[in-house]
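In what follows, a single structure is set out as structure tokens and then discussed.
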Amino acid sequence: MSRSFQPHPIHLAILLLAAGPALAQGSPEDDALTLAPVKVQASADASAQGLQPAYPGGQVARGGRVGVLGQRDNMETPFSVTSYTNDLIQDRQARSVGEVLQNDPGVRMARGFGNFQESYFIRGFILGSDDVAYNGLYSLLPRQYIATELFERVELLRGASTFLNGVTPGNGGLGGAINLLPKRAPNEPLTRFTTGISGRGQASLAADVARRFGPDDRLGVRVNVAHRDGETAIADEKSKLSLVSLGVDWRSRDVRLSADLGWQDNQLKQTRPNVTLSSAVTSVPRAPDASANFAQPWSFSNERDLFGTLRGEIDLSADLTAYAAYGLRRSDEANALANLTVSNGSTGAGSTYRFDNTREDKVNTGEIGLRGKLRTGSVGHEWVLSGSYFELEKKNAYAMDWRNTLATNLYTPSSYALPAFSANTLYGNRLASPALNGVTRLVSYAIGDTLSLLDDRLLVTAGLRHQQIYARSYAYNTGVAGKAYDDSRASPILGAVYKLDRRVSVYANYIEGLVQGDTAPTSSGGTAVRNAGDMLSPYVSRQKEVGVKFDAGRLGMGLALFSTERPRAVLTSDARYVAEGKDRHQGLEFTVFGEATRGLRVLGGLTLLDAEQQQTGSATTDGKRVIGVPRQQANLGLEWDVPGVRGLALDGRVVHTGATYANATNSLKVDAWTRLDVGARYLMEVSSTPVTLRARIDNLMDKNYWASVGGYPGSGYLVASGPRTLALSASVDF
């Protein structure tokens with residue numbers, strides 16, 4: 001047993017609960033018992049389209065939401081889409097969005113810059129958790145960590161998506177989009193309690209209760225409550241999470257309404273920080289013991305979020321529907337950080353310092369639209385008109401004591417009492433009362449049409465979104481407003497799907513991504529910039545993709561070839577800061593899902609990726625690989641129903657990530673890694689009550705490796721892997 005797991009009375013109780021029914025198995029009464037998995041079929045949200053049905057095997061759905069185009073079957077979509085179901089979330093005991101996407105061969109999880117925020121590499125581009133959508137609206141859920149009890153599905157759309165979803169508030173989304181679907185009351189009553197334990201004794205308890213009321217069960221109510229507390233698998237690292245969410249939906253023949261209200265309180269203490277390599281480092285240090293902790297004992301990060309949504313849809317006629325949605329988030333954050341900077345890659349010697357932050361967010365967002373169908377001769381049309389609005393007001397404050405460094409070591413860390421701020425501390429506003437630091441407003445209008453031709457075998461999608469980006473920063477301490485960034489751009493889409501037959505579709509798309517352009521700095525590399533303060537026009541990334549999709553009925557596959565170019569700013573020979581460089585990401589993606597044979601489910605694939613810096617303005621970086629992006633990454637997950645043992649399933653997952661670089665010149669290479677995870681699930685009945693027992697071990701071989709490199713553009717900080725971790729849980733459906 002790894003030292004990352006320590007026996008606890010609750011462990012023994014759950015193991016005895018699992019062993020008792022298994023030892024009793026084989027009696028005549030059991031032979032007559034027929035066990036079926038407990039499936040919760042989500043009812044309609046405020047959408048006539050509802051959820052896409054699950055694909056055989058239950059781990060993914062047949063399609064998902066494709067932005068303003070709405071819910072689409074995967075075989076009829078000119079994009080690569082995967083929607084992970086709640087069955088997969090529960091069976092893998094996934095606790096966050098990142099842990100769900102650990103099952104995807106095209107995504108790798110990283111951390112935000114300087115904190116513990118989840119970020120996601122998709123096709124080599126970073127998407128921060130700020131840019132995750134909730135039922136189609138950006139930045140409503142907690143920005144640091146999103147617990148899985150808050151959503152039903154994780155929908156992943158690979159590739160650029162400005163026409164489909166609009167610009168993200170955090171300037172991400174060039175490589176893909178993530179949309180989380182809220183939970184709704186199913187058609188059958190649900191009362192589920194789940195308890196579990198993991199790491200070094202972190203216990204959890206959750207309740208999921210849903211009912212439908214009224215004539216034809218028109219009104220649905222679903223409540224989720226969860227609490228986790230205790231030490232993780234990493235020594236001395238503690239986390240405490242509490243959440244409550246309420247989802248309500250109402251439906252009639254022509255009108256559908258839904259609302260969500262949620263609250264999450266996430267508290268981290270002595271969480272192991274990121275590792276930055278100083279300019280003096282000439283080689284990447286070996287990864288430390290995965291269960292060791294080099295955090296300072298006084299470090300912490302707390303986040304509290306309140307969020308809600310309203311959504312409505314009305315059928316104006318049989319072929320015309322109007323819809324509208326509104327969402328808000330109010331957040332408070334506070335932390336005391338002490339990230340490690342390594343100055344000697346061989347010995348692990350380095351330093352840290354105290355860096356405190358506070359932040360308050362106020363988000364308001366919404367969308368309105370019309371969606372309709374019509375025919376012009378033999379051509380069918382599914383068209384949409386949409387408008388969206390997003391506003392973020394953020395208040396920040398910090399105290400950075402960067403000159404008062406504390407000596408420590410990656411492998412033999414030194415712990416200190418909380419240091420008082422020195423006279424050299426840099427302050428930005430007051431920690432106790434953060435002040436307005438930035439405003440972001442995004443307004444867009446979109447029009448699109450999907451044409452059905454050749455007896456609906458050929459589907460052609462065309463559209464245009466006009467996007468306006470407004471951003472203004474306010475100086476720390478003085479509150480003086482900076483120059484506003486105010487620019488706009490029209491982003492097109494052209495996609496086509498041709499169904500060779502019911503089993504094979506081929507597709508192609510051209511779509512653009514859009515992010516705010518950089519502001520020219522006062523100096524770059526010691527050279528004074530002549531156009532300092534100039535705001536560059538929005539950066540336009542251009543994506544071209546072709547692919548093929550295969551559906552054998554119970555087994556599905558996808559193959560995509562893509563190329564995306566993203567502009568980047570460079571310093572010209574006459575000392576001007578302009579957008580003349582670019583990063584080019586091109587690659588191949590293969591995905592597989594479903595049932596290979598009856599009782600054997602498969603989920604995984606392979607991504608080959610060439611992410612190259614081009615026209616950087618420097619011979620030391622031209623042609624070099626982009627920080628943190630491997631050439632290959634692969635997943636293979638198998639789940640097997642054990643013959644002769646009804647209700648028992650075993651699963652295994654192999655995750656491989658190739659070597660990456662921690663700097664732009666590619667002189668700091670980070671080794672590849674491969675991880676094995678295993679699990680088991682046992683479904684039984686106790687006094688006619690369904691009970692599901694689950695056990696899981698992540699990183700079975702207890703390997704030490706650097707799990708990610710970077711997570712913020714241009715930065716190559718490292719995040720250490722988690723150790724071998726055992727998780728046990730029991731769910732009871734009353």
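Of the conditions (1) open to solvent by less than 50 Å² (accessible area, probe 1.4 Å); (2) part of a strand (DSSP E or B); (3) modelled with pLDDT under 95, GLN543 fails just one. Which one is it?
Here GLN543 clears every test but (3).
Would the stretch 231-251 turn up any residue that is at negative phi, assigned to a loop (DSSP other than H, G, I, E, B) and open to solvent by 40 Å² or more (accessible area, probe 1.4 Å)?
No, the stretch 231-251 contains no residue that is at negative phi, assigned to a loop (DSSP other than H, G, I, E, B) and open to solvent by 40 Å² or more (accessible area, probe 1.4 Å).
Take the residues in the stretch 683-701 that are crowded, with 20+ Cβ neighbours inside 10 Å and over 25 Å from the mean Cα position of the chain (by Cα); name whichever of them is farthest from ALA730 (Cα to Cα).
MET684
Would you check which residues across the stretch 387-432 are open to solvent by 50 Å² or more (accessible area, probe 1.4 Å) and within 30 Å of ALA322 (Cβ to Cβ) and list them?
Of everything in the stretch 387-432, those that are open to solvent by 50 Å² or more (accessible area, probe 1.4 Å) and within 30 Å of ALA322 (Cβ to Cβ) turn out to be TYR389, GLU393.
Does GLY350 satisfy the condition of being in a strand (DSSP E or B), of a type outside the set (A, V, I, L, M), under 30 Å from SER667 (Cα atoms) and open to solvent by less than 30 Å² (accessible area, probe 1.4 Å)?
yes
Between residues in the stretch 681-695 that are over 22 Å from ARG601 (Cα atoms) and residues that are open to solvent by less than 40 Å² (accessible area, probe 1.4 Å) and assigned to a strand (DSSP E or B), which pairs lie under 6 Å by C-beta distance while being six or more apart or on different chains?
Going by the 6 Å Cβ cut-off, the qualifying pairs are PRO690/ASP733.
Quick one: would you say LEU718 is open to solvent by 50 Å² or more (accessible area, probe 1.4 Å) and in contact (Cβ under 8 Å) with a residue 12 or more places away in the chain?
So LEU718 fails the test.
May I ask you to list pairs of residues, at least six apart or on different chains, whose Cβ atoms are under 9 Å apart, with the first in the stretch 565-585 being on the phi > 0 side of the Ramachandran plot and the second being part of a loop (DSSP other than H, G, I, E, B)?
Partner pairs satisfying both residue conditions: ALA575/VAL529; ALA575/ARG530; ALA575/ASN531.
Do we have SER343 as in contact with a Ser or Thr (Cβ under 6 Å, 6 or more places away or on another chain) and more than 30 Å from ARG72 (Cα to Cα) here?
Against the criterion (in contact with a Ser or Thr (Cβ under 6 Å, 6 or more places away or on another chain) and more than 30 Å from ARG72 (Cα to Cα)), SER343 qualifies.
Given the residues ALA133, ALA203, which is the only one that is at pLDDT 95 or above and either under 21 Å from the mean Cα position of the chain (by Cα) or within 30 Å of GLN632 (Cβ to Cβ) (or both)?
Result: ALA133 is the single residue among ALA133, ALA203 that is at pLDDT 95 or above and either under 21 Å from the mean Cα position of the chain (by Cα) or within 30 Å of GLN632 (Cβ to Cβ) (or both).
Restricting attention to the stretch 115-173, which residues are more than 14 Å from ARG65 (Cα to Cα) and assigned to a helix (DSSP H, G or I)?
Within the stretch 115-173, SER129, ASP130, ASP131, THR148, GLU149, LEU150, THR162 qualify.
Take the conditions at negative phi and not in a strand (DSSP E or B) and apply them to PRO713. Does it pass?
Considered against the rule, which asks whether it is at negative phi and not in a strand (DSSP E or B), PRO713 comes out as yes.
Quick one: is VAL497 without any contact (Cβ under 8 Å) to a residue 60 or more places away in the chain and either over 32 Å from the mean Cα position of the chain (by Cα) or part of a strand (DSSP E or B) (or both)?
no
Taking ASP456, is it without any contact (Cβ under 8 Å) to a residue 40 or more places away in the chain, open to solvent by 40 Å² or more (accessible area, probe 1.4 Å) and over 27 Å from the mean Cα position of the chain (by Cα)?
When the stated conditions are applied, ASP456 does not pass them.
What residue, of ARG192, ARG153, ARG95, is of a type in the set (Lys, Arg) and buried (at least 24 other Cβ atoms within 10 Å of the Cβ)?
Only one candidate passes the filter, namely ARG153.
Restricting the search to the stretch 209-230, which residues are over 30 Å from TRP298 (Cβ atoms), open to solvent by less than 60 Å² (accessible area, probe 1.4 Å) and touching a Gly at 6+ places or on another chain (Cβ under 9 Å)?
Answer for the stretch 209-230, where residues must be over 30 Å from TRP298 (Cβ atoms), open to solvent by less than 60 Å² (accessible area, probe 1.4 Å) and touching a Gly at 6+ places or on another chain (Cβ under 9 Å): ALA210, ARG212, GLY220, VAL221, ARG222, VAL223, ASN224.
Enumerate the strands (runs of 3 or more DSSP E) found wholly within the stretch 255-331, keeping only those where 1 or more residues are basic (Lys, Arg) and at pLDDT 95 or above.
The strands (runs of 3 or more DSSP E) meeting that bar are 255-269, 300-317.
Regarding the stretch 170-187, can at least one residue be identified that is in contact with a helix residue (DSSP H, G or I) (Cβ under 6 Å, 6 or more places away or on another chain), at pLDDT 95 or above and open to solvent by 10 Å² or more (accessible area, probe 1.4 Å)?
yes
Do you know which residues across the stretch 214-230 are part of a strand (DSSP E or B) and on the phi < 0 side of the Ramachandran plot?
Selection gives LEU219, GLY220, VAL221, ARG222, VAL223, ASN224, VAL225, ALA226, HIS227, ARG228, ASP229.
Take the residues in the stretch 500-538 that are small (Gly, Ala, Ser) and in a strand (DSSP E or B), then tell me which one is surrounded by the most Cβ atoms within 10 Å (Cβ to Cβ).
GLY513
The values are calculated or read from the model by the stated rules, or taken from the named source; none is laboratory data. None of the values given here were measured: they were computed from a predicted structure. For neighbour counting, all protein chains shown are included, and Cβ atoms are generated from backbone atoms with ideal geometry for every residue, glycine included. When the accessible area is computed, the model is the full protein with side chains, heavy atoms only, and any ligands, DNA or RNA have been set aside. Shrake-Rupley method; radii C 1.70, N 1.55, O 1.52, S 1.80 Å.
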